[in-house]
1. Among the residues of segment 141-178, write down those that are surrounded by fewer than 14 Cβ atoms within 10 Å (Cβ to Cβ) and aliphatic (A, V, I, L, M).
2. Looking only at segment 179-199, count how many residues are outside any helix (DSSP H, G or I) and either among the polar types (S, T, N, Q) or touching a Lys or Arg at 6+ places or on another chain (Cβ under 8 Å) (or both).
3. Assuming residue 196 fulfils every condition listed in (1) touching a helix residue (DSSP H, G or I) at 6+ places or on another chain (Cβ under 8 Å); (2) closer than 26 Å to residue 99 by Cβ; (3) of a type outside the set (A, V, I, L, M, F, W, C) apart from one, which condition is it?
4. Between a residue in segment 111-126 that is farther than 17 Å from residue 174 by Cβ and any residue that is buried (at least 22 other Cβ atoms within 10 Å of the Cβ) and among the β-branched types (Val, Ile, Thr), which pairs come within a Cβ distance under 9 Å, given they are 6 or more apart or on different chains?
5. Please determine whether any residue of segment 259-269 is over 17 Å from the mean Cα position of the chain (by Cα), over 19 Å from residue 139 (Cβ atoms) and loosely packed, with under 13 Cβ neighbours inside 10 Å.
6. Is it true that residue 107 is in a loop (DSSP other than H, G, I, E, B), surrounded by 13 or more Cβ atoms within 10 Å (Cβ to Cβ) and out of contact with any strand residue (DSSP E or B) (no Cβ under 9 Å at 6 or more places or on another chain)?
7. For segment 139-191, which positions are among the hydroxyl-bearing types (Ser, Thr, Tyr) and farther than 17 Å from residue 110 by Cβ?
8. Taking residue 214 and the conditions (1) closer than 30 Å to residue 24 by Cβ; (2) at pLDDT below 90, which numbered condition does it fall short on, given that it satisfies the others?
Amino acid sequence: MLDPGGLYELGSEPPELRKPVLLCGMDGFVDAGAVGALARDKVLSGRDGKVVATFDVDRLIDYRARRPVMTYVEDHWEGYEAPQLVVRATHDDAGVPFLLLAGPEPDHEWEGFTAAVGELIERLDVRLTVGFHGIPMAVPHTRPIGLTAHATRPELVADYTRRLGTVQVPGSAAALLELRLGQAGRDALGFAVHVPHYLTQVAYPAAALTALDAVTAATGLTFGTEELRSAAERTDSEIARQVEGSEELASIVHALERQYDEYVAARDRDDLSESDLANLPTAEELGTQFERFLAEQERGRDTPDR
């Protein structure tokens, strides 16, 4: 493997930080309900911060898979929105400094990239790395939002319920980073917030709030969430209105509620079995019904009044 230091460039004057937290908010992997994007935007809201390190996107990004936007004006090319994968230093609402890794997930050189981030973590004396995103689940929006917590040490997620046994899933650069940090004896954890499958294609602020609450509990960082809570209330009201307006959708949600409640009751009795989930509506059923309905509603809003 090439020297990982060749994958990034440090800023001219790296800030002095005392054992900061590194939040990981890259784009490109699964992010149901735009949970990671909403949480990252809230974390950066009003805080441009200072770029600490810039990664070599020419080596890491496949431009043909994710073509950057260029601007054409009349007879010439005028602009190019170059992708950026950077680590920024900023601060929370209480003035506590932290780092944020944000930008497109690398397409290439994952091992080199994770080694480079690990090198930065060593140089900047990062005490904890935290990732967050949304995943689609067969759960109703009318029940508490859950999450799956994972970490390099069991103690870091001792307060969270273990929901999965052994599974194999498509990998991500963030997941590989957590794995490699654990192998290096570094603390890292991540939160995958459960988003109702039928809401994966729309922004779901309530789930982003769950992600931020988990980040706050793990790190002590604080972020004002008033605007996000207002957005969550508006979104929840719109979802309720649409469900109430369709008997078909309402029946699916009610069936999912019953199965969810049975699952929770069985879990609390510690006698959960595979049969408890046998009658859950499938992801395809939920996704097809809701995505079609939401698309119809969106088209209706886009149609001008006659």
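1. Result: 158, 164, 167, 169.
2. As a first pass, look at segment 179-199 and keep what is outside any helix (DSSP H, G or I): 184-196.
Keeping just the survivors that are either among the polar types (S, T, N, Q) or touching a Lys or Arg at 6+ places or on another chain (Cβ under 8 Å) (or both) gives 187.
Selection size over segment 179-199: 1.
3. (2)
4. 124/52; 124/87
5. Taking segment 259-269 as the starting set, the residues that turn out to be over 17 Å from the mean Cα position of the chain (by Cα) are 259-269.
Narrowing the set further to residues that are over 19 Å from residue 139 (Cβ atoms) leaves 269.
Applying the additional criterion that residues be loosely packed, with under 13 Cβ neighbours inside 10 Å yields 269.
The answer is yes; a qualifying residue exists.
6. yes
7. Correct list: 142, 148, 152, 160, 161, 166.
8. (2)
The values are calculated or read from the model by the stated rules, or taken from the named source; none is laboratory data. Every value quoted in this text rests on a predicted model; they were computed, and no experiment measured them. Please note: Cβ atoms are built from the backbone with ideal geometry, for glycine as well, and neighbour counts cover all protein chains shown.
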